[in-house]
Structures are given as structure tokens and as C-alpha cells.
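First up is the structure itself, then whatever we jot down about it.
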Amino acid sequence: MSKDALIIFDTTLRDGEQSPGASMTKDEKVRIAKMLEKMRVDVIEAGFAIASPGDFDAVKAVAEAVQTSRVCSLARALEKDIQVAAEALQPAALGRIHTFIATSPIHMQYKLQMQPEQVIEQAVHAVKTARNLIDDVEFSCEDAGRSEIDFLCRIVEAAIAAGARTINIPDTVGYASPEQFGHTIEQLITRIPNADQAIFSVHCHNDLGLAVANSLAAVLKGARQVECTINGLGERAGNAALEEIVMAVRTRADIYPVETRIDPVHIVPTSRTVSTITGFAVQPNKAIVGKNAFAHESGIHQDGVLKHRETYEIMRAQDVGWHTNAIVLGKHSGRNAFRTRLQELGIHFETESELNTAFTLFKQLADKKHEIYDEDLQALVTDTRAAN
Ligand code: KIV
Ligand code: ZN
């Protein structure tokens with residue numbers, strides 16, 4: 001089956017930085033951007049150039065440092081924002097301006113205090129202004145997840161006619177559900193007459209824990225760019241996690257008709273760097289990048305994995321940048337895992353009865369301790385030998 005390209009647009013340095021307490025210095029952003037480039041991310045949103053002089057400098061520094069990924073700056077649908085974004089992107093080998101305006105009734109009425117017709121006019125003006133400064137322009141309908149479909153069709157058609165080549169449909173407040181969000185994307189692509197002149201993108205927030213599911217539902221209905229962040233960082237509950245999108249598409253190639261350019265081996269090192277720089281720890285059970293993502297503690301699972309890895313693993317730990325999967329010895333571990341670990345440590349018992357004694361001591365210790373380390377095993381072997 002021939003596959004479409006799925007563009008990975010990473011916004012760790014922009015939306016990710018909007019996580020309260022996650023702000024990054026210019027040098028830190030450059031360091032992460034280089035790792036994203038190495039991972040072969042297609043588009044790196046480096047910041048919101050007009051937000052502060054520091055953000056302007058960071059976008060510019062990333063634009064200077066990165067060669068093969070496209071570097072993007074966010075800009076409201078305002079001339080000044082767009083001009084500042086273009087200036088910051090001046091050094092970019094490949095640049096993009098990402099301009100946005102809100103399209104939901106609640107945002108238009110209370111936040112923008114504008115009539116829908118004025119919103120369309122401002123969007124068109126913004127896209128044309130950006131296109132006069134740069135070839136690659138993305139337009140986003142902020143709060144599209146709560147916008148009316150007829151209005152979305154009208155504004156998106158107008159933005160494409162004005163020159164936007166990527167149309168982003170954000171679920172800004174994480175309100176969508178997979179079936180409904182997929183349907184929205186399908187409606188837009190089938191109803192808008194000039195839809196074939198743009199790539200449809202999605203940008204899902206995780207307020208209901210559905211950001212990845214919503215993004216993937218959109219991919220099934222024709223979205224060909226996903227906006228996401230390392231470790232799912234982002235405003236409030238965060239964005240769709242890059243590592244989950246990339247590995248879902250790759251692992252379930254039977255379902256998703258797309259492939260990314262990402263080299264997944266860089267995922268874990270990049271996750272670690274983002275976590276260290278932002279000070280945001282990765283939860284142990286986080287998919288792909290959590291420390292337990294490839295660890296097995298229960299005896300039944302350990303026994304299965306030792307016999308055939310795929311009994312309990314759907315991905316290879318090494319493929320995403322872990323050194324190895326982990327058999328963690330604890331109270332649920334079985335004899336096979338225990339014996340295997342002893343062999344790996346070069347410990348052999350002469351008799352089966354010695355092994356039985358050691359295994360009994362191990363179980364007693366495991367009831368008192370969460371995890372049994374190699375040093376515990378060494379001590380336990382000494383006790384066993386003394387007892388026999
Ligand atoms: O969540 C959102 O709507 C955004 C846009 C600016 C793309 O971050
Ligand atoms: Zn967002």
C-alpha cells in the first residue's frame with residue numbers, strides 16, 4: 001500500500017513553552033531545535049516572535065541554527081505580528097509564518113468582539129500580508145473544535161484563496177471527541193471547493209486526554225500534518241505527544257495510510273533533554289518515553305518476554321532510543337526472570353535446592369522492597385550459600 005507523507009510539526013518550543021513554568025532560554029531552544037532537526041521533524045515552531053524580545057531572539061537563533069527542518073513563527077492575524085515574525089525568520093533556510101484568528105462563536109463574541117464577516121476579512125488580509133513576505137503560510141482557525149462547520153468552510157476557503165498552503169484546525173480547548181473531530185476534517189476536505197490546494201493540519205489539546213486519539217482520527221479522514229510536542233508538553237493539559245503520534249502511525253501501519261520522516265531512535269534522548277531543560281518530569285508510565293514503558297515486572301509477563309519478546313511488547317525499546325527493555329525484579333517476578341538475571345550476573349548455583357533457597361529469600365525480600373537491584377541479589381546469594 002503506498003503511503004502519504006504525514007508532516008510532523010513540532011511546537012514544543014512554542015505551545016510547549018506555554019506550559020506554566022516551562023519557559024526556555026534562547027540557547028536551550030536552539031539545543032532542542034537541533035535535536036528535533038536530527039530526529040527529522042518537518043516543521044519546528046520556534047516561538048511567537050512578537051511575544052517578547054527574548055522570543056524574537058530565540059526564533060531568529062533557531063532559524064540560524066537549523067537547516068533541514070522548516071522553522072516557523074506564530075503570529076496573530078495582525079500586520080505588526082506578521083512583520084515581526086518575518087523579520088525573525090529572515091535567516092531561515094526554510095521558513096513559515098503561522099497566522100491565526102479565533103473562529104468559534106464564544107471567541108468571536110467575547111474575546112475578539114468582532115462580527116464573523118470581520119473575522120474573515122482580517123484572516124484574508126493576514127494571509128495576504130504574510131504571503132507578500134514569505135512563500136510558506138499556515139493559517140489556523142483558533143478554537144475550531146467549537147466553531148460552526150459552515151463558518152469554518154467559508155473562512156478556510158477564503159484563506160486558501162488568499163494564499164495559505166497549510167490549514168490548521170486546532171481543538172484549542174481539548175473539547176473534541178475522535179469520531180466528531182474526524183468528521184469535521186472530512187467535512188472540510190469534501191465541502192471546500194479549493195481544499196486540494198492546501199494541506200490540512202490538526203492541533204489537538206489534551207484537556208480530556210484525547211489529543212492523540214483526536215489527531216489520529218483526523219489523519220484517517222485526510223489530515224496530513226499533525227502538530228504535537230515532545231512529552232505532550234503544552235498549554236494546560238498539553239498537546240498531542242509527538243512520540244505517541246509517530247509510533248502509533250508506525251506500529252499500526254495496517255491502519256494509518258501515512259508515514260512520517262521521523263527517525264524514532266532520537267525520541268528518548270530528546271524527551272530526556274526537554275524534561276531536563278523544562279524541569280517537567282516524565283511520568284513513569286508515560287507511553288514510549290516513560291521509564292516503565294518497556295519494563296516488565298510480573299512473572300507471567302517476564303516469562304513471556306524471555307521466551308518471545310513480542311508476547312508483551314508491540315515496539316522495540318531500542319527503536320525509540322532506549323538501550324534495552326527492562327526486566328524489573330519485584331514481588332510479582334517469577335523464577336524464570338530470577339534465574340535469567342542471576343545468569344546475566346554470572347551467578348550459577350550447583351544444585352536446584354540452592355536456587356530454591358535463593359528464590360524463597362528473594363520473594364521474602366521483594367515483599368519488603370519495591371524493586372530488587374543487582375546488589376540485593378549479590379547479598380542474597382551470599383546468604384543462600386551460607387545457609388546451604
Ligand atoms: O491551541 C491553539 O489554538 C493554538 C493556535 C495558536 C494554533 O495553539
Ligand atoms: Zn495550542
| query | From the residues in the stretch 135-156 that are under 14 Å from I106 (Cα atoms) and acidic (D, E), which one is nearest to ligand 2 (Cβ to nearest atom)? | reply | E142
| said: Can you pull out every residue in the stretch 139-171 that is within 15 Å of T103 (Cβ to Cβ) and among the charged types (D, E, K, R)? | reply: E142, D143, R146, E148, D150, R154, E157, D171
| Qualifying residues in the stretch 1-49 (those that are closer than 22 Å to T172 by Cα and part of a helix (DSSP H, G or I)) - the one farthest from ligand 2 (Cβ to nearest atom) | A49
| Of the residues D207, D254, D263, which is surrounded by fewer than 24 Cβ atoms within 10 Å (Cβ to Cβ), within 14 Å of ligand 2 (Cβ to nearest atom), farther than 20 Å from T99 by Cα and not β-branched (V, I, T)? | D207
| note | Among T324, T276, the single one that is surrounded by fewer than 19 Cβ atoms within 10 Å (Cβ to Cβ) and either over 22 Å from C228 (Cα atoms) or touching a strand residue (DSSP E or B) at 6+ places or on another chain (Cβ under 8 Å) (or both) is T324
| message | Filter the stretch 109-142 down to the residues that are within 14 Å of ligand 1 (Cβ to nearest atom) and part of a helix (DSSP H, G or I) and list them by number. | response | K111, L112, A123, A126
| strands (runs of 3 or more DSSP E) contained in the stretch 151-258 and holding at least 2 residues under 25 Å from R70 (Cβ atoms) and within 13 Å of the chain's Cα centre (by Cα) | 199-204, 225-228
| request: Looking only at the stretch 331-388, count how many residues are within 38 Å of the chain's Cα centre (by Cα), within 17 Å of G299 (Cβ to Cβ) and of a type in the set (S, T, Y). | output: 2
| remark: Within the stretch 1-43, residues being within 16 Å of ligand 1 (Cβ to nearest atom) and aliphatic (A, V, I, L, M) number 5
| said: One residue is enough: does the stretch 354-364 have a residue meeting the conditions without any contact (Cβ under 8 Å) to a residue 24 or more places away in the chain, in a loop (DSSP other than H, G, I, E, B), farther than 30 Å from Q18 by Cβ and not small (G, A, S)? | reply: no
| said: Condition (residue is crowded, with 24+ Cβ neighbours inside 10 Å and in contact (Cβ under 8 Å) with a residue 60 or more places away in the chain) applied to the stretch 173-192: is it met by at least one residue? | reply: no
| request: Answer yes or no: is there a residue in the stretch 109-122 that is surrounded by fewer than 22 Cβ atoms within 10 Å (Cβ to Cβ), closer than 20 Å to V43 by Cβ and in contact (Cβ under 8 Å) with a residue 40 or more places away in the chain. | output: no
| note | Per the list (1) over 19 Å from T129 (Cβ atoms); (2) within 20 Å of the chain's Cα centre (by Cα); (3) free of Cβ contacts under 8 Å to residues at least 60 places away in the same chain, residue check on M24 breaks on (3)
| query | Of the residues that make up the stretch 69-80, is at least one modelled with pLDDT of 95 or more, within 15 Å of ligand 1 (Cβ to nearest atom), within 16 Å of V137 (Cα to Cα) and in contact with a Lys or Arg (Cβ under 6 Å, 6 or more places away or on another chain)? | reply | yes
| query | Considering T270, T340, which residue is of a type outside the set (F, W, Y) and at pLDDT 95 or above? | reply | T270
| Scanning the stretch 27-65 for residues that are surrounded by fewer than 23 Cβ atoms within 10 Å (Cβ to Cβ) and among the β-branched types (V, I, T), which turns out farthest from the chain's Cα centre (by Cα)? | I50
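The values are calculated or read from the model by the stated rules, or taken from the named source; none is laboratory data. Everything numeric in this text was worked out from a predicted model, so none of it was measured. Glycine gets a Cβ as well: all are built from the backbone with ideal geometry, and neighbour counts include every protein chain shown.
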